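Encoded as structure tokens, the structure appears first; notes follow it.
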Amino acid sequence: MNAAAAAPSARWPCLAAHDGGTLLQLAVVPGARRNGADGLHDGALRLRLVAPPVEGQANAALQAWLAAELKLPRRGVRLLRGETSRRKQVWLDLAPAAVGHWLDGVLGEAADRA
């Protein structure tokens, strides 16, 4: 079976089905020059955010960015763990296959080369 046909959790170890949605493991880099997904890091999706890690600004930016990218309402992205950490866990009101498809589009070529 090729990588594109693999199950989302096999291809993307940062994803897991949870409570009717998807659990996404993140490694967040605040204070970056641009917002964007930057590949996998230690089993988590690395995200760069322009917002600084001050008074929840990076967490708010993270939730807004993921909601916009995945075309979800803001309430469809919940921070479950890591409020003050760079390692975070979010719940997305979206099936793992849909999140995996988004990751394929955002990181697919880079992941295939890794």
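The values are calculated or read from the model by the stated rules, or taken from the named source; none is laboratory data. Worth saying up front: this structure is predicted, and the values here are computed from it rather than measured. Neighbour counts are summed over all protein chains in view; Cβ atoms, including those assigned to glycine, are modelled from backbone coordinates with ideal geometry.
Since A97 meets every condition but one in (1) under 11 Å from the mean Cα position of the chain (by Cα); (2) touching a residue at least 60 places away in the same chain (Cβ under 8 Å), which condition does it not meet? For A97, the failing item is (1). Listed by position, the strands (runs of 3 or more DSSP E) inside the range 6-114 whose residues that are modelled with pLDDT of 95 or more and of a type outside the set (D, E) number at least 3 are 21-29, 44-48, 77-81, 87-92.
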